[in-house]
Amino acid sequence: MWNLARAAWNLGRARHLPLSNALHSPFQERVLSLISYRGLSTLETSANEGVISPELLGKKVLRPDRIIGQYEDLVTRVTNFHNEDKGFMVLAGDVFDVPIRKDIVHKVVRWQLAKRQQGTHSTKTISEVSGTGRKPYNQKGTGRARHGTLRGPQFRGGATMHGPKPRSHAIKLQKKVRRLGLKIALSARTGEGKLLVFEDLDIPSHKTKNIVNYISQMENTKKVLLVDGGPINDNLKFATGNLHYVNVLPSIGLNVYSILQHDTLVMTQDAVNRIVERMHTPINR
């Protein structure tokens, strides 16, 4: 993988060169091609701002063909709701460029759905059904079948035998599998070019029309998931409350099922850094 510090140093030199000379360097063309790759970043942007000259930042370079799952660090543009250039960011390859495995995603989704199932269903047993405990008629002499109670399951309004009772539907899944599922979901959105990194999610007011206008400007977007690093801003929470196709989550609540339900994932720089830190934290056994 290219050394980012060396890339920054070379691009710093390129600032003082004419644009024509800067684009003749193969190394600089390689870095520019990475930077122009759609929507990919785990380093703090503040440390890298101002390294690339404004002339090169806006330069359009063809997207290089690559295979997903090579564990390569990826470079992405940092923008905002107005699609303004705010620098660039590096996405850790071991989080945003892992091989896609559908079986792992399936296991994690099943675990999530089973864990959130309420399990409050309940039926009444013969001791819980309302009714008398008297024997309905004599044991012999009536010609009918013998019965000791009218609360049995064979009578109308009687008990339910072996029916459901309140219980937990949760299943066990190893932490490393759950973590891998989140990495795969993030890598899938990254490989599709549907991961956008924003500087922040600040909006001027709580009006819903602001979010509607911003989302309408995004290409091929039907359902958007906005992920912020810390607590959700009140303006953003109120603005998206009435939109069924826009949902907001803090980084601590980001999960596989929510990512799969939305075709576009928008994350702030803070959210990306927190997710990477969370993925790199050793698992307590």
Query - Area projected by the alpha carbon convex hull of region 178-285, averaged over all directions, nm² - result: 6.8 nm²
Report task. Kindly provide log₁₀ I(q)/I(0) values, in the same order as q = 0.20, 0.28 Å⁻¹, from the Debye equation applied to equal alpha-carbon scatterers of region 123-163. Result -> -0.60, -0.93
Query raised in the report: With charges only on Cβ, +1 for K and R and -1 for D and E, what is the dipole size of region 123-163 about its Cα centre, in debye, rounded to 20?
Result: 220 debye
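Want the number for residue 122 to residue 252: 0.36 nm per residue separation, take away the alpha-carbon distance, what's left?
Working: separation 130, 0.36 × 130 = 46.80 nm, distance 3.34 nm.
Contour length minus Cα-Cα distance gives 43.5 nm.
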Requested in this report: Please identify which residues in region 112-147 have an amide N closer than 11 Å to a label point set 7 Å out from the Cα of residue 155, following the Cα→Cβ vector.
Outcome: 130-137, 147
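What number comes out for the charge environment of residue 160, summing +1 per Lys or Arg and -1 per Asp or Glu over other residues with Cβ under 14 Å away?
Net charge in that neighbourhood comes out at +3.
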Report task. Taking 7 Å along the Cα-to-C-beta vector as the label spot, tell me the residue 171-residue 100 distance in nanometres, rounded to one decimal. Result -> 2.3 nm
Query raised in the report: What lysines could a cross-link reach from residue 209, if we take a straight Cα to Cα line under 19 Å and drop same-chain neighbours fewer than 8 places away?
Result: 222, 223, 237
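Gain in length, residue 71 to residue 263, computed as 0.36 nm per residue apart minus the alpha-carbon separation, to one decimal in nm?
Details: separation 192, 0.36 × 192 = 69.12 nm, distance 2.27 nm.
That pair, residue 71 and residue 263, stretches by 66.8 nm at full extension.
Would you tally the net charge around residue 212, using a Cβ to Cβ cut-off of less than 14 Å, leaving residue 212 out, and scoring K and R as +1, D and E as -1? Display every interim value, and only then the final one.
Details: positive: 207, 209, 222, 223; negative: none.
Value of the local net charge: +4.
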Query raised in the report: Which order results if 177, 98, 212 are arranged by neighbouring Cβ count within 10 Å, fewest first?
Result: 177, 212, 98
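A short reminder: the numbers here are calculations on the coordinates, not readings from a lab. On a predicted model such as this, the values are computed, not experimentally measured, just so you know. Backbone-built Cβ (ideal geometry, glycine too); neighbour counts: all protein chains shown.
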